[in-house]
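Reading through the structure tokens given below for one structure.
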Amino acid sequence: MIKTREEWIASTREASLLPNPPLEQKDGKWIIARRKEAWEALGPRIFDDYLDRFRQIAIDVLRERDPQFELVADERFAARIYNKTLKHSDQLRKGVAETLALLGSFPQYLTSCSHGKAEATAAIAVSEILKEADWVIWASVNAHLPMLAEAAPNEFLQAVEKAAAQEPSPFVEIYAQESGGVMGRNYMTGLLWALETLAWHPDYLTAVIVLLGDLASVDPGGNWTNRPANSIVEILLPWHPQTCADVSKRKAAVNTLLHEHPALGWKLLLSLLPKTHAIASGTRKPTWRALIPAGCPEKVTNREYWEQVNIYAQLAIDVAESDRSKLTQLIDHLPNLSGAAHTRMLELLASDKTTGLPEQERRPLWEALVHLATNHRKFADADWAMSQEAVAKIEDVASKLIPKSPTLLYGRLFTDRDFDFFEEKGNYEEQRKALDKKRQEAVRKIITASGVDGIIEFARSAASVWKVGVALGVVGDPKVEAALLPTHLLSSDPKLQRLTASFVRGRFWAKGWDWVDTVELQRWEDEEKIAFLSLLPFTRETWVRAERLLAAKQPAYWNKTSAESYEPNAADLVFAAERLLEYGRTQAALQCLERATHEKQTTPTDLVIRALRENLGSKEPPNTMDQHALIELINWLQGNSETDPEKLFQIEWSYLPLLGRYSGGSPKTLARRLSEDPNFFCEVIRAVFRSKQEKKPEGEPSEERKTIAENAYRLLADWHRPPGCTKEGQFDEAAFKDWLTAVKHSTHESGHFEVAMSQLGQVLPYSPADPYGLWIHKAVAEALNAKDAEAMRSGFTCELFNMRGTHGFTAGKEEREIAAKYREKAEAVENAGYHRLARSLRKVAESYEYDAEREAKRGPFG
């Protein structure tokens with residue numbers, strides 16, 4: 001007899017009242033409490049024809065194409081709004097997939113079915129669901145792939161292998177659907193979890209590793225950490241393996257990966273070698289299928305760990321021996337290799353096959369060994385440092401690889417990582433000077449061996465062209481100077497131009513203005529003079545020479561100079577700012593003025609205001625301006641008694657987006673004006689909010705109107721200075737009442753009363769206490785208690801909630817304390833005669849009490 005829904009619900013409710021019920025209701029949904037026990041108990045009632053019908057249902061349900069993929073990626077989070085949802089619920093799909101897993105994992109409980117029927121049903125269903133599936137089907141069933149893998153491992157692996165071999169593979173398109181951010185999606189996670197699950201069983205390990213390699217080979221990378229290459233590492237980590245396969249099986253899997261995906265296999269080997277610090281998140285474990293045999297150890301013994309590490313190290317050395325370009329990467333792992341692998345690696349590096357390599361190929365090996373030895377000598381007292389004996393052996397091997405060519409020998413010195421060459425901790429300035437001398441000696445030897453052309457070619461190949469140029473400048477070889485100046489000041493070759501620029505800087509630092517005045521600049525072209533002068537310090541000495549040498553073309557210098565205002569002992573920055581403003585370099589002028597004010601140089605306030613105003617209309621790229629400098633200048637104007645208040649008012653309004661509460665600046669003049677001038681407050685309210693008396697305007701507001709509204713909104717949002725507060729920190733009751741009366745009158749007329757009162761209410765929590773003991777000034781309490789102050793009280797309580805800010809989980813303890821505080825405050829104001837305000841405060845307390853009760857029932861993670 002077929003039961004109605006109501007009859008099923010009635011029977012279910014009766015069953016749920018039994019001791020240890022098989023069914024439970026949670027959040028309005030019925031769930032099977034003990035799925036395996038229910039499967040065992042009900043298995044005998046299932047027959048072959050049931051399985052045939054279920055197989056077709058499973059195929060129809062799980063092969064359905066998710067309509068969300070008809071939307072563009074950015075709209076899929078709103079699939080329900082667009083009515084692009086699956087016909088069957090997530091709960092039903094999950095139940096069907098889990099039932100397939102139970103069929104494949106526990107067929108023995110279906111005693112009324114033909115032998116092998118349950119396993120065959122699961123296998124056929126999985127094969128049909130994934131048969132010739134395109135990316136949409138794979139993505140649609142993504143969440144249920146782990147269950148399908150448990151239902152029929154061999155059929156699942158076969159389906160993944162076929163899909164990965166397709167041209168193009170559907171997985172390429174799935175990767176393309178990946179998106180980041182809060183609403184980002186990833187449709188590969190289920191497949192990775194499914195493969196990780198099967199990797200626990202020795203029979204499937206190699207197949208899984210190769211398939212993950214196939215997936216990694218087409219992985220374009222992304223923001224999600226769930227990636228095939230990461231899964232391979234997690235599965236095989238020697239200290240935290242996520243497989244029950246023995247070591248020989250793991251080695252076979254790695255060898256197979258090296259054969260089919262050599263580059264990925266090499267990266268895997270490096271990831272499996274010992275590290276000083278490492279973390280692991282673990283992989284998915286099977287839910288139903290017994291893929292983890294009984295007795296599979298959860299932890300690795302020390303002996304097993306080093307057995308695995310030695311295997312992977314030996315494999316890595318085998319690879320590097322056949323491809324010497326990989327030796328450099330392996331050198332970084334030398335300190336952590338086991339004794340046998342460490343010794344073999346050093347022997348390989350010292351062998352004739354390696355020492356006999358061309359110098360160009362030996363150089364990176366020598367540099368890597370020298371860097372390693374230097375680092376371990378420098379930090380010899382660190383726990384991770386090798387013994388001095390081990391370091392000496394590495395240095396001995398390095399000496400056999402050292403190149404003889406000066407250009408190769410000294411190349412390692414010219415990088416921007418000076419610290420790497422310091423041989424001890426401390427005395428960094430002395431070591432930097434010693435390094436500079438080494439660099440200078442190096443360029444001398446290269447010039448001697450290879451001439452000017454040789455040093456230029458050396459500079460081209462150096463990691464830091466700048467460091468080579470500075471060293472050359474200090475050395476000051478006349479032939480080099482003649483080759484570089486002025487020929488390459490304006491070179492189209494960026495490396496040559498940078499080399500020449502750094503040569504000028506280095507020469508100036510070594511010899512100063514005496515050298516500058518020996519350079520025959522008069523014979524140069526004007527563009528060359530300008531380029532040269534722009535490389536000199538941004539000081540008056542340079543400006544005087546620019547005026548003398550360039551005459552009418554002097555503006556070109558001011559347009560080209562980098563205007564580095566942070567030169568040591570910079571002076572005359574106000575003069576420089578004026579000239580930069582004259583030639584349209586507003587942002588450089590502002591940087592000079594910020595430094596001038598910081599150095600307490602006499603700076604006219606009107607000049608700072610002019611620069612800030614002109615910056616608003618500047619055509620220079622906005623990202624070149626240091627916003628901190630702008631805020632510092634506005635802060636300086638605010639603290640300067642000579643600043644014109646009206647001009648400062650305009651500056652604060654124009655730069656309001658920069659003056660947020662977390663920026664280090666604030667619109668002090670505007671905030672004061674809001675608190676003191678009721679007309680200005682009403683004007684700001686009208687700029688943001690539409691009057692109740694107006695109809696909604698047609699069309700979009702102008703950009704200017706939008707900007708005004710945005711600025712006005714920011715000002716109100718950051719306004720915390722209540723009306724009536726004086727500069728001295730006192731509270732003027734009469735001023736507060738006059739301000740409030742004027743605002744009420746004006747906003748009643750304009751149709752902005754409620755919203756104005758709400759905004760005012762949001763600033764009143766920052767009011768001072770009453771001098772006679774009440775926690776809030778009585779004038780403010782009276783205003784909040786007025787019959788027409790409902791909107792004001794609403795804004796007041798809203799800000800009270802906001803003032804709490806971020807907070808942690810305390811199981812309701814903190815919420816109860818806050819509630820008690822507001823009940824105490826409510827009692828105080830009610831006793832003082834402000835019963836409406838008291839009622840609002842009690843509502844706040846009740847809200848926190850409700851939150852406390854809710855928090856007490858949940859855990860810290862929901």
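The values are calculated or read from the model by the stated rules, or taken from the named source; none is laboratory data. The structure presented is a predicted model; accordingly, all values stated were derived computationally and were not measured. Note that we place each Cβ from the backbone using ideal geometry, even for glycine, and neighbour counts take in every protein chain shown. Remember, those area values only see protein heavy atoms, side chains included, never the ligands or the DNA or RNA. Shrake-Rupley method; radii C 1.70, N 1.55, O 1.52, S 1.80 Å.
Screening region 163-219 for helices (runs of 4 or more DSSP H) wholly inside it with 2 or more residues that are at pLDDT 95 or above returns the ranges 189-198, 202-217. None of W543, W509 is in a helix (DSSP H, G or I) and buried (at least 19 other Cβ atoms within 10 Å of the Cβ) except W543. Any residue in region 811-838 that is more than 18 Å from D770 (Cα to Cα) sitting within a Cβ distance under 7 Å of a residue that is part of a helix (DSSP H, G or I) and of a type in the set (S, T, N, Q)? List the pairs, counting only those 6 or more apart or interchain. Correct list of pairs: R836/N785. Restrict the check to region 288-303 and report whether at least one residue is at pLDDT 90 or above, touching an Asp or Glu at 6+ places or on another chain (Cβ under 8 Å), of a type in the set (V, I, T) and not in a helix (DSSP H, G or I). Looking through region 288-303, none of the residues is at pLDDT 90 or above, touching an Asp or Glu at 6+ places or on another chain (Cβ under 8 Å), of a type in the set (V, I, T) and not in a helix (DSSP H, G or I). Within region 512-535, the set of residues being of a type outside the set (D, E, K, R) and either within 16 Å of S562 (Cα to Cα) or touching a strand residue (DSSP E or B) at 6+ places or on another chain (Cβ under 6 Å) (or both) comprises I530, A531, F532, L533, S534, L535. The residue pairs whose first member lies in region 432-460 and is on the phi > 0 side of the Ramachandran plot, whose second member is surrounded by fewer than 16 Cβ atoms within 10 Å (Cβ to Cβ), and whose beta carbons are closer than 9 Å, counting only pairs six or more residues apart or on different chains, are G451/K479. Among the residues of region 646-661, those that are open to solvent by less than 60 Å² (accessible area, probe 1.4 Å) and in a helix (DSSP H, G or I) comprise L648, F649, I651, E652, W653, S654, L656, L658. Total residues in region 607-635 satisfying the condition of being open to solvent by 60 Å² or more (accessible area, probe 1.4 Å) and touching a residue at least 40 places away in the same chain (Cβ under 8 Å): the figure is 1.
Yes or no: region 706-723 includes at least one residue that is over 41 Å from the mean Cα position of the chain (by Cα) and open to solvent by 70 Å² or more (accessible area, probe 1.4 Å). No, every residue in region 706-723 fails to be over 41 Å from the mean Cα position of the chain (by Cα) and open to solvent by 70 Å² or more (accessible area, probe 1.4 Å).
Checked against the criterion of being among the β-branched types (V, I, T) and more than 20 Å from L145 (Cα to Cα), region 87-103 has no qualifying residue. For region 258-285, residues that are in a loop (DSSP other than H, G, I, E, B), open to solvent by 30 Å² or more (accessible area, probe 1.4 Å) and either touching a His at 6+ places or on another chain (Cβ under 7 Å) or farther than 16 Å from L211 by Cβ (or both) total 8. For Q177, the stated conditions do not hold, so it cannot be described as without any contact (Cβ under 8 Å) to a residue 24 or more places away in the chain, among the polar types (S, T, N, Q) and surrounded by fewer than 24 Cβ atoms within 10 Å (Cβ to Cβ). Candidates G761, G751: the one that is more than 45 Å from the chain's Cα centre (by Cα) and either open to solvent by less than 30 Å² (accessible area, probe 1.4 Å) or farther than 19 Å from E683 by Cβ (or both) is G751.
Before we move on, is I129 of a type in the set (V, I, T), open to solvent by less than 20 Å² (accessible area, probe 1.4 Å), in a helix (DSSP H, G or I) and under 27 Å from S281 (Cβ atoms)? For I129, the condition - of a type in the set (V, I, T), open to solvent by less than 20 Å² (accessible area, probe 1.4 Å), in a helix (DSSP H, G or I) and under 27 Å from S281 (Cβ atoms) - is not met. For region 396-431, a residue qualifies if it is surrounded by fewer than 19 Cβ atoms within 10 Å (Cβ to Cβ), among the hydroxyl-bearing types (S, T, Y) and not in a loop (DSSP other than H, G, I, E, B), and the qualifying residues are S399, Y428. Exactly one residue out of L103, L86 is surrounded by 13 or more Cβ atoms within 10 Å (Cβ to Cβ) and either in a loop (DSSP other than H, G, I, E, B) or in contact with a strand residue (DSSP E or B) (Cβ under 7 Å, 6 or more places away or on another chain) (or both), and it is L86. Taking helices (runs of 4 or more DSSP H) as the structural unit, those lying wholly within region 750-850 and holding at least 2 residues that are in contact with a Cys (Cβ under 8 Å, 6 or more places away or on another chain) correspond to 753-761. Which of the residues spanning region 35-63 are surrounded by 16 or more Cβ atoms within 10 Å (Cβ to Cβ) and in a loop (DSSP other than H, G, I, E, B)? Scanning region 35-63 gives I46, R63. Within region 75-97, the set of residues being of a type in the set (G, A, S) and under 24 Å from A58 (Cα atoms) comprises A79, S89, G95, A97. Looking at P486 and the list (1) in contact with a Ser or Thr (Cβ under 7 Å, 6 or more places away or on another chain); (2) in contact (Cβ under 8 Å) with a residue 24 or more places away in the chain; (3) outside any helix (DSSP H, G or I), which single condition is not satisfied? Unmet condition: (1).
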